[in-house]
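**Student:** This is the structure I want to talk about, given as structure tokens.
The values are calculated or read from the model by the stated rules, or taken from the named source; none is laboratory data. Model, not experiment: these values are computed from the prediction. Ideal geometry is used to build each Cβ from the backbone, glycine not excepted, and the neighbour counts take in all protein chains shown.
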Amino acid sequence: MTKMSRRELLFATGTAAGAALLPSTASAAPKSTKFEFSLNMSTIMGQKLGFIKELEIASAAGYKHCEIWVPTLEAYLKSGGSLLEAKKRINDLGINIQNAIGFAQWIVDDEATRKQGVEQMKREMGMLAELGCFRTAAPPMGATKEAGLDLRRAAERYRTILDVGTSAGVTPQLEMWGHSKNLNRVADVLFVAAEAGQANAKLLLDVFHIYKGESSIDCLHLVGENSIDVFHVNDYVTTIKPTSITDGDRIYAGDGEAPIKEIIKRLKPSEKPVILSLELFNKELWAQDPLKVAKTGLEKMKSLI
């Protein structure tokens, strides 16, 4: 056996030791992208089922997650229902309410209206926390028809409801609306969320609104890994141009021409999965059996993703 020099011996042993410290091929492989599926109750709201029945349909269709609408919850409470009863039913069904859709005017320039909007958010967040829902949408309600909203002021106002959310334990997700004259592009909500300067800022984006507001999907890599918890999924046909398309033109994911797979690739879940939530407002589907609609929507999302 040839005698090794000191240098050769050190190199050999060092290489072996270093190799032992390297992760195996399996552990070094990039982690798989994690997504879970949700039903936004807009998809079956046209059937006018009521709050509890909507939850039951979502569960029966196979969803583990859903998004509720605050007006539907309030109608249930006004008709004699209670948050305690609703929470028990939610637990019995084994479904998680991941987000709520509300329409408080927290972002508007008019101070009196804005204060009312912040108080509305505070009240709604209190209800949602009792229900076990720890997120709510924060769209640019009231600032949609006229352009010119100062985005720095919008960031200050978003910071205000983020602070309210911290106290309530509910996170307001800054929602982009493609039909709005303000916050209609990914760049707008990215700026407002960043300028708010809070670690709990989140974005709520949507396949339809990305198209409606004419944002490029190539900007989505700038949306950070921890920026999105819930993402709205739907589809459309490009024969209807962004300037003309409406919420009612949304169709099942995979039935149109939206670059959904490319959009999804750009979402970067961290330790928590991103919730992909089916949000439609299609009158043809509202005329159909809600359980069939919910099941079909879930099957199409799963086959697509």
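**Student:** As an exercise: evaluate residue 298 against (1) modelled with pLDDT under 95; (2) assigned to a helix (DSSP H, G or I); (3) not β-branched (Val, Ile, Thr) and give the number of the one condition it does not meet.
**Tutor:** (1)
**Student:** I've got another one for you. Anything in the stretch 46-69 that is in contact (Cβ under 8 Å) with a residue 60 or more places away in the chain and in a loop (DSSP other than H, G, I, E, B)? List them, or say none.
**Tutor:** Residues satisfying the conditions are 49, 61, 62, 63.
**Student:** Those residues that are over 20 Å from residue 232 (Cβ atoms) and under 20 Å from the mean Cα position of the chain (by Cα), I need them from the stretch 42-58; list them, please.
**Tutor:** none
**Student:** Tell me which residues, restricted to the stretch 282-297, are under 15 Å from residue 54 (Cα atoms) and surrounded by 15 or more Cβ atoms within 10 Å (Cβ to Cβ).
**Tutor:** The answer is 285, 286, 290, 291, 293, 294, 295, 297.
**Student:** A further question on this structure: Are there any pairs, at least 6 apart or on different chains, whose C-beta atoms fall under 9 Å, with the first in the stretch 142-163 and over 21 Å from residue 197 (Cβ atoms) and the second surrounded by fewer than 18 Cβ atoms within 10 Å (Cβ to Cβ) and of a type in the set (Phe, Trp, Tyr), and if so, which?
**Tutor:** 142/103
**Student:** Further question on the same structure: Restricting the first residue to the stretch 259-283 and requiring it to be of a type in the set (Ser, Thr, Tyr), which pairs with a second residue that is at pLDDT below 95 and in a loop (DSSP other than H, G, I, E, B) meet a Cβ separation below 8 Å and a spacing of at least six or different chains?
**Tutor:** What qualifies is 270/225; 270/226.
**Student:** Inspect the stretch 273-285 for any residue being in a loop (DSSP other than H, G, I, E, B), at pLDDT below 95 and within 17 Å of the chain's Cα centre (by Cα) and give the result as yes or no.
**Tutor:** Within the stretch 273-285 (the criterion being in a loop (DSSP other than H, G, I, E, B), at pLDDT below 95 and within 17 Å of the chain's Cα centre (by Cα)), the answer is yes, since at least one residue qualifies.
**Student:** Name the residues in the stretch 167-188 that are under 15 Å from the mean Cα position of the chain (by Cα) and not in a loop (DSSP other than H, G, I, E, B), would you?
**Tutor:** Listed by number, the residues that qualify are 171, 172, 173, 174, 175, 186.
**Student:** Is it true that some residue in the stretch 206-221 is farther than 21 Å from residue 165 by Cβ and of a type in the set (Lys, Arg)?
**Tutor:** Within the stretch 206-221 (the criterion being farther than 21 Å from residue 165 by Cβ and of a type in the set (Lys, Arg)), the answer is yes, since at least one residue qualifies.
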